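Chemist: Encoded as structure tokens, here's the structure I'll be asking about.
The values are calculated or read from the model by the stated rules, or taken from the named source; none is laboratory data. Note that this is a predicted model, so its numbers are computed, not measured. Here the Cβ positions follow ideal geometry from the backbone for every residue, glycine too, while neighbour counts run over all protein chains shown.
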Amino acid sequence: MKKLLTSTALIAAMAMPAFAQETLDPKAQSGGGIVVTYKDDVATLDPAIGYDWQNWSMIKSLFDGLMDYAPGTTELRPGLAESYDVSEDGMTFTFHLRTGVKFHNGREMTADDVKYSLDRVTNPVTQSPGAGFFGAIAGYDAMADGSTTSLGGVTVIDPATVEITLSRPDATFLHVMALNFASIVPSEAVDAANGDFGKMPVGTGAFKLDEWTIGQRLVFAKNPDYWRAGLPYLDTVTFEVGQEPIVALLRLQNGEVDVPGDGIPPAKFQEVMGDPEQAARVVEGGQLQTGYITLNVTIPPLDNVDVRKAINMAINKDRITQIINGRAVPATQPLPPSMPGYTEGYAGYAFDPETAKQMLADAGFADGFETELFVMNTDPNPRIAQAIQQDLASIGVSASIQSLAQANVIEAGGAGTAPMIWSGGMAWIADFPDPSNFFGPILGCAGAEEGGWNWSKFCVEEIDAEATAADSMLDPTAPERLAMWSDVYMKVMEEAPWVPVFNEQRYTMKSARMGGDDSLYVDPVSIPVNYDYVYVTE
Amino acid sequence: MAGYMLRRLVQAALILLGVSLITFFLLYVLPADPVRQIAGRSATPQTVANIRAQLGLDQPFIVQYGRYMAGLLQGDMGRSYLQKTDVATLIAARLPASLLLMAAGIGAELVIGLTMGVIAALWRGRAVDSGLMMTSFVTVSAPQFVVALLLLYLFAVKLGWFPIGGYGTPAHLVLPALTLGILGSGWYARMMRSSMIEVLRADFIRTARAKGLTRRRVILRHAMPNAILPIIAMIGIDIGIFMGGIVIVEGVFGWPGIGQLAWQAIQRVDIPIIMGVTLVSACAIVLGNLLADLITPLINPRIRIR
């Protein structure tokens, strides 16, 4: 077995065996607490269940997985695994665990807990929405159909070593092991919670849950035994739920709130950005998100590629970006710019209604046609849909808007009955920073099945095959692999199943007393902020 | 009386059964799949099928409804699909806050509405009357969201008299209760005005005046108690309107009641929570109406229950 290093970040990490002693921010101060607000109550803190952007970062601070990301970046680094080896064929990963890491209940974490946690998340009884991510682990299928309760590919070698065997190569496997779903949980705490582990979470993370008053607040307290020495800086993080974003902003201005978790309300955005004092406390960053219009390739006349191209050319993306106060950059392709594999220099379909109209006429639709545009019914999405409707009208396409609740739009998209869907409010945000995550579920054949998230029902076998080949490569960051992915998305654009509209920017507002690098406030994996690394200065 | 009570209770049970059936049916035919919401966007078809089978959502409507009602009769309201917690626990944690806000809101609208109604009746046809009636018209039509935010901005942000949203102290209760009070006061003002005008024309008021009682005594001891009677029944009906309006007010003020719980559950098709909150609200409305019917004959002997 040969040691295989998969990225520069890992090389740096592995060169330092005592990685737990990472370089800390010299300006950081320990102590104090912050208040974060949210409109919605927190659904669950069970890492096998939680799958919304609100609880994702909270779970990240309560739990750890074998892999992790360097704060504020998309670079993988070892977490509870101190190091790992990969077999030459890329099918066996051996993780060497850190020793002396304790759960919040005081017990030491061992390889048995890793095995238990992976068994638990893939067991259908757990109903984990993330179970499918582990499909590459040997024995997954037997778990999924319920014929066993132990994942065959995960073997405990000794208390500090776990070996995971795959059934097929998976370049993204280390990213999967950094997902919240792969967090290590203690079996005794899961059993003791008797089905309510999501309300009584016990992990190894930087914070532990101290208080949860349903509908009012959650308090996270610093884990004094956290294995990353010197972290976290904050003593407490208090999440107050049930707060309208606009009220949260008023409270922030009043000094009662440190981070409004739902962001700056659209109606107040220009006012905040127009005030230099407030604007200085807003951190802007990209996020791994694309807003798009799906064109259902099975519904005539959208089954005609020229019609889809004409629609791509009819949409004025700059105007749509203005509707959301310029809080986005116009998109040219499915991948967002900060995603590896993004094709630099590709201009996409230019906004050109005249040519679009001509193309439509050449395709036999000189008089246009009627269609439907589905959209989620919360602001600003209906307004964006109206802009799209006007753009379509300019080339003779008459689209009626179906403005529905989120669940109804998702249902129509999955069933394949919606000719066009504006993805706003449900748009794809990457689970992990790898180009494959924008393909399989939303543009690949697997997602095109009834009920899948591929709302275009777009399925081209050659493109799928190239995607599979790219994912079989060992090193996720290898230039050849990223070139293959770039090629995949260029081929997708040739078929035009989507109109990529914009990539939303993130704007996190913070109180004046909050410290830490700006990158922590637009951390790609922890929204709104990385609680483990931020601090207060008073 | 006992027979009447029994009849009303049976009626109430039938109403609740009807509500449960209609709600469950609407959720069943709704073109939205709760399993998709639970399973998330990356779930494989196998995961989806597994979850559907575990929740029994692959069963026909009548089986699903039967299972739900069988559980309910044993006091089991089911588990939230997304929060994975007993619905009864979630509702129990939030119901006291909603009941408190409802009581305070009804108190506020009665005080404001009845006062307005009495003043308007006493100065009928004058400027103060038309002014008050105009105000009542505005409060009835004003959007709750706007009124709530205006009060919040003025009294909490600008003047700093009350906390900016939240829950816990009596000070937190004032603005949400006032919002509900102002919005609901218009109906009571109009009802009270016409009721008061009618009573003031009645023979017994003339008699009271003829006895030489002071104007103040006539109004407070003789006219008002009689004028309030028809209002009492309205409070019971008002509980239903309250249950609807409380969702928005709870949202703006961050009041941790069942309105917020329902709102979130509807967004995510969390059927057990939607059913639970609907049934609890329906119970409150039915009970409110029942109480109103039972109290009216106690304070007005002219109405007899048979």
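Chemist: Among the residues of the range A:65-85, count how many are in contact with a Phe, Trp or Tyr (Cβ under 9 Å, 6 or more places away or on another chain), of a type in the set (A, V, I, L, M) and modelled with pLDDT under 95.
Modeler: Total satisfying the criteria: 1.
Chemist: In addition: So is A:Thr148 surrounded by fewer than 16 Cβ atoms within 10 Å (Cβ to Cβ), of a type outside the set (A, V, I, L, M, F, W, C), on the phi < 0 side of the Ramachandran plot and touching a helix residue (DSSP H, G or I) at 6+ places or on another chain (Cβ under 6 Å) or not?
Modeler: On the way: surrounded by fewer than 16 Cβ atoms within 10 Å (Cβ to Cβ): yes; of a type outside the set (A, V, I, L, M, F, W, C): yes; on the phi < 0 side of the Ramachandran plot: yes; touching a helix residue (DSSP H, G or I) at 6+ places or on another chain (Cβ under 6 Å): yes.
Yes.
Chemist: Based on this model, can you work out whether A:Val42 counts as under 30 Å from A:Val241 (Cβ atoms), of a type in the set (A, V, I, L, M), in a strand (DSSP E or B) and within 14 Å of another protein chain (Cβ to nearest Cβ)?
Modeler: Working: under 30 Å from A:Val241 (Cβ atoms): yes; of a type in the set (A, V, I, L, M): yes; in a strand (DSSP E or B): no; within 14 Å of another protein chain (Cβ to nearest Cβ): yes.
Answer is no for this residue.
Chemist: Collect the residues in the range A:209-222 that are in contact (Cβ under 8 Å) with a residue 40 or more places away in the chain, farther than 25 Å from B:Ser98 by Cα and surrounded by fewer than 22 Cβ atoms within 10 Å (Cβ to Cβ), keeping them in residue-number order.
Modeler: Scanning the range A:209-222 gives a single hit, A:Leu209.
Chemist: More than 30 Å from A:Ser400 (Cβ to Cβ), touching a residue at least 24 places away in the same chain (Cβ under 8 Å) and surrounded by fewer than 20 Cβ atoms within 10 Å (Cβ to Cβ): does that describe A:Glu480? It would help to see each step written out before you state the result.
Modeler: On the way: more than 30 Å from A:Ser400 (Cβ to Cβ): yes; touching a residue at least 24 places away in the same chain (Cβ under 8 Å): no; surrounded by fewer than 20 Cβ atoms within 10 Å (Cβ to Cβ): yes.
Considered against the rule, which asks whether it is more than 30 Å from A:Ser400 (Cβ to Cβ), touching a residue at least 24 places away in the same chain (Cβ under 8 Å) and surrounded by fewer than 20 Cβ atoms within 10 Å (Cβ to Cβ), A:Glu480 comes out as no.
Chemist: Got a number for residues in the range A:112-147 being within 14 Å of chain B (Cβ to nearest Cβ), more than 21 Å from the chain's Cα centre (by Cα) and not charged (D, E, K, R)?
Modeler: Taking the range A:112-147 and keeping what is within 14 Å of chain B (Cβ to nearest Cβ), we get A:120-137, A:140-147.
So of that shortlist, the ones also more than 21 Å from the chain's Cα centre (by Cα) come out as A:120, A:123-126, A:137, A:140-147.
From what's left, not charged (D, E, K, R): A:123-126, A:137, A:140, A:142-144, A:146-147.
Total meeting the criteria: 11.
Chemist: Next up: Within the group A:Phe239, A:Phe269, which residue is aromatic (Phe, Trp, Tyr) and more than 30 Å from A:Pro334 (Cα to Cα)?
Modeler: Working: A:Phe269 fails: more than 30 Å from A:Pro334 (Cα to Cα).
Step by step, each of A:Phe239, A:Phe269 is checked, and only A:Phe239 is aromatic (Phe, Trp, Tyr) and more than 30 Å from A:Pro334 (Cα to Cα).
Chemist: Exactly one condition in (1) surrounded by fewer than 21 Cβ atoms within 10 Å (Cβ to Cβ); (2) in contact (Cβ under 8 Å) with a residue 60 or more places away in the chain; (3) of a type outside the set (A, V, I, L, M); (4) out of contact with any Lys or Arg (no Cβ under 8 Å at 6 or more places or on another chain) is not met by A:Trp485; state its number.
Modeler: (1)
Chemist: Quick one: count up the residues across the range A:438-455 that are under 29 Å from A:Asp68 (Cα atoms) and at pLDDT 90 or above. Before the answer, list the steps.
Modeler: If we filter the range A:438-455 for residues that are under 29 Å from A:Asp68 (Cα atoms), which is where we start, we get A:438-444, A:446-447, A:452-454.
Still in the list and also at pLDDT 90 or above: A:438-439, A:442-444, A:454.
Matching residues across the range A:438-455 total 6.
Chemist: Would you say A:Pro47 is over 30 Å from B:Val252 (Cβ atoms), crowded, with 21+ Cβ neighbours inside 10 Å, of a type outside the set (Lys, Arg) and within 14 Å of chain B (Cβ to nearest Cβ)?
Modeler: Values: over 30 Å from B:Val252 (Cβ atoms): yes; crowded, with 21+ Cβ neighbours inside 10 Å: yes; of a type outside the set (Lys, Arg): yes; within 14 Å of chain B (Cβ to nearest Cβ): yes.
Answer is yes for this residue.
Chemist: Filter the range A:25-39 for residues that are within 14 Å of another protein chain (Cβ to nearest Cβ) and not in a loop (DSSP other than H, G, I, E, B); which is surrounded by the fewest Cβ atoms within 10 Å (Cβ to Cβ)? Give the steps one after another, and end with the answer.
Modeler: As a first pass, look at the range A:25-39 and keep what is within 14 Å of another protein chain (Cβ to nearest Cβ): A:35-39.
The next check asks that each one be not in a loop (DSSP other than H, G, I, E, B); those that pass are A:35-38.
Details: A:Val35: 19, A:Val36: 26, A:Thr37: 27, A:Tyr38: 22.
Among them, the one singled out is A:Val35.
Chemist: Which residue pairs have Cβ atoms under 9 Å apart, sit 6 or more places apart or on different chains, and have a first residue in the range A:127-147 that is in a loop (DSSP other than H, G, I, E, B) and a second that is modelled with pLDDT under 85 and of a type in the set (Lys, Arg)?
Modeler: Matching pairs, first to second residue: A:Gln127/B:Lys84; A:Pro129/B:Arg41.
Chemist: Looking at (1) away from chain B (no Cβ under 14 Å); (2) without any contact (Cβ under 8 Å) to a residue 60 or more places away in the chain; (3) not hydrophobic (A, V, I, L, M, F, W, C), which one does A:Pro419 not meet, given that it meets all the others?
Modeler: For A:Pro419, the exception is condition (2).
Chemist: What residue, of A:Ala221, A:Ala229, A:Ala192, is under 22 Å from A:Asn105 (Cβ atoms), in a loop (DSSP other than H, G, I, E, B) and not hydroxyl-bearing (Ser, Thr, Tyr)? Full working, then the answer.
Modeler: Values: A:Ala221 fails: in a loop (DSSP other than H, G, I, E, B); A:Ala192 fails: in a loop (DSSP other than H, G, I, E, B).
Step by step, each of A:Ala221, A:Ala229, A:Ala192 is checked, and only A:Ala229 is under 22 Å from A:Asn105 (Cβ atoms), in a loop (DSSP other than H, G, I, E, B) and not hydroxyl-bearing (Ser, Thr, Tyr).
Chemist: Right, here's the next one. Looking only at the range A:232-243, which residues are part of a loop (DSSP other than H, G, I, E, B) and surrounded by fewer than 22 Cβ atoms within 10 Å (Cβ to Cβ)?
Modeler: Once the filter is applied, which keeps residues that are part of a loop (DSSP other than H, G, I, E, B) and surrounded by fewer than 22 Cβ atoms within 10 Å (Cβ to Cβ), the range A:232-243 yields only A:Asp235.
Chemist: Do we have any residue at all in the range B:238-261 that's within 14 Å of chain A (Cβ to nearest Cβ), buried (at least 20 other Cβ atoms within 10 Å of the Cβ), in contact with a His (Cβ under 9 Å, 6 or more places away or on another chain) and not in a loop (DSSP other than H, G, I, E, B)?
Modeler: yes
Chemist: Determine, yes or no, whether B:Trp123 is in contact with a Phe, Trp or Tyr (Cβ under 6 Å, 6 or more places away or on another chain) and surrounded by fewer than 16 Cβ atoms within 10 Å (Cβ to Cβ).
Modeler: So B:Trp123 does not fit the description; no.
Chemist: Which of the following residues is away from chain B (no Cβ under 11 Å), closer than 25 Å to A:Pro340 by Cβ, surrounded by fewer than 18 Cβ atoms within 10 Å (Cβ to Cβ) and not β-branched (Val, Ile, Thr): A:Asp475, A:Asp471, A:Asp464, A:Asp434?
Modeler: Numbers: A:Asp471 fails: surrounded by fewer than 18 Cβ atoms within 10 Å (Cβ to Cβ); A:Asp464 fails: surrounded by fewer than 18 Cβ atoms within 10 Å (Cβ to Cβ); A:Asp434 fails: surrounded by fewer than 18 Cβ atoms within 10 Å (Cβ to Cβ).
The match here is A:Asp475.
Chemist: Does the range B:53-60 contain any residue that is farther than 30 Å from A:Pro129 by Cα, outside any loop (DSSP other than H, G, I, E, B) and either within 14 Å of another protein chain (Cβ to nearest Cβ) or free of Cβ contacts under 8 Å to residues at least 40 places away in the same chain (or both)?
Modeler: Step one: of the range B:53-60, the residues farther than 30 Å from A:Pro129 by Cα are none.
Checked the range B:53-60: no residue is farther than 30 Å from A:Pro129 by Cα, outside any loop (DSSP other than H, G, I, E, B) and either within 14 Å of another protein chain (Cβ to nearest Cβ) or free of Cβ contacts under 8 Å to residues at least 40 places away in the same chain (or both).
Chemist: Of all the helices (runs of 4 or more DSSP H) wholly in the range B:119-205, which have at least 3 residues that are within 14 Å of chain A (Cβ to nearest Cβ)? Spell out how you get there, then give the answer.
Modeler: Working: elements: B:127-141, B:144-151, B:170-200.
Counting at least 3 such residues, we get B:144-151, B:170-200.
Chemist: Yes or no: A:Thr161 away from chain B (no Cβ under 14 Å) and touching a His at 6+ places or on another chain (Cβ under 7 Å)?
Modeler: When the stated conditions are applied, A:Thr161 passes them.
Chemist: Pick from the range A:205-218 the residues that are of a type outside the set (A, V, I, L, M) and assigned to a loop (DSSP other than H, G, I, E, B): which of them is nearest to the other protein chains (Cβ to nearest Cβ)?
Modeler: The initial filter retains those residues of the range A:205-218 that are of a type outside the set (A, V, I, L, M), namely A:205, A:207-208, A:210-213, A:215-217.
So of that shortlist, the ones also assigned to a loop (DSSP other than H, G, I, E, B) come out as A:205, A:215-216.
On the way: A:Gly205: 20, A:Gly215: 3, A:Gln216: 5 Å.
Among residues in the range A:205-218 that are of a type outside the set (A, V, I, L, M) and assigned to a loop (DSSP other than H, G, I, E, B), the one nearest to the other protein chains (Cβ to nearest Cβ) is A:Gly215.
Chemist: Another question, then. Could you count how many residues in the range A:175-189 are in contact with a strand residue (DSSP E or B) (Cβ under 9 Å, 6 or more places away or on another chain), crowded, with 24+ Cβ neighbours inside 10 Å and in a helix (DSSP H, G or I)?
Modeler: Residues in the range A:175-189 being in contact with a strand residue (DSSP E or B) (Cβ under 9 Å, 6 or more places away or on another chain), crowded, with 24+ Cβ neighbours inside 10 Å and in a helix (DSSP H, G or I): 1 in total.
Chemist: When only residues in the range A:390-406 that are closer than 14 Å to A:Ile293 by Cα and not polar (S, T, N, Q) count, which is surrounded by the fewest Cβ atoms within 10 Å (Cβ to Cβ)?
Modeler: Among residues in the range A:390-406 that are closer than 14 Å to A:Ile293 by Cα and not polar (S, T, N, Q), the one surrounded by the fewest Cβ atoms within 10 Å (Cβ to Cβ) is A:Ile401.
Chemist: Moving on to the next point. Taking the range B:29-80 as the region of interest, how many residues are crowded, with 18+ Cβ neighbours inside 10 Å and among the acidic types (Asp, Glu)?
Modeler: Of the residues in the range B:29-80, 1 are crowded, with 18+ Cβ neighbours inside 10 Å and among the acidic types (Asp, Glu).
Chemist: I'm checking my understanding of the structure. Among residues of the range A:266-288 that are at pLDDT 90 or above and in a strand (DSSP E or B), which one is surrounded by the fewest Cβ atoms within 10 Å (Cβ to Cβ)?
Modeler: A:Glu284
Chemist: Under 8 Å by Cβ, and 6 or more places apart or on different chains, what pairs join a residue from the range A:279-306 that is free of Cβ contacts under 8 Å to residues at least 12 places away in the same chain with one that is assigned to a loop (DSSP other than H, G, I, E, B) and buried (at least 16 other Cβ atoms within 10 Å of the Cβ)?
Modeler: That search, which allows pairs on different chains as well, returns A:Asp303/A:Val297.
Chemist: Which residues, counting only those in the range A:102-143, are more than 24 Å from A:Leu209 (Cβ to Cβ) and among the hydroxyl-bearing types (Ser, Thr, Tyr)?
Modeler: Those that are more than 24 Å from A:Leu209 (Cβ to Cβ) and among the hydroxyl-bearing types (Ser, Thr, Tyr): A:Thr122, A:Tyr140.
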